Amino acid sequence: MSSAPQPPDVQHEVPKKKDYRIPGLRSVQTTTLFRAVNPELFIKPNKTVMAFGLVTVTLCVAYIGYLHAQQENKKDLYEAIDSEGKRLMKRKTSKWD
C-alpha cells in the first residue's frame, strides 16, 4: 500500500506572494453593491478615526445626560407670586408632606 510515485514532469513550484490567502473578506469575489453596503468588512481599520468616533459618541451621550438632568431639576420648580407681587421660584410640594 505505498503511494504511487509522482510523474517526472510535475515540478514543485514555490507559491508566489499573490497565491497566499488574504485574511478576511478582501480576497472573496463580491459585487460592488455588497462592498458599498458593507464597507466595514473591506476597509482597513483606522485607529485615529475610531478614537475620534468614540470621543464624539461619548460627548453626545454626556450632553444628552446633561440635558436630561437639567430638565429633571426644572420639573420640580414653578414660578409663584407672593403677597407683595414679587416673583419667586418655589419647589413643588406634595399634599402628603
- [ ] Keeping to segment 33-82, report how many residues are assigned to a helix (DSSP H, G or I), within 30 Å of residue 94 (Cβ to Cβ), among the aliphatic types (A, V, I, L, M) and open to solvent by 70 Å² or more (accessible area, probe 1.4 Å).
- [x] 2
Task: Unique match (being acidic (Asp, Glu) and at pLDDT below 80) among 79, 72 - done: 72
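The values are calculated or read from the model by the stated rules, or taken from the named source; none is laboratory data. All values derive from a computational prediction rather than experimental measurement. As a convention, Cβ positions derive from the backbone with ideal geometry for all residues, glycine included, and neighbour counts pool all protein chains shown. We work out accessible area using only protein heavy atoms, side chains counted, and drop any ligands, DNA or RNA first. Shrake-Rupley method; radii C 1.70, N 1.55, O 1.52, S 1.80 Å.
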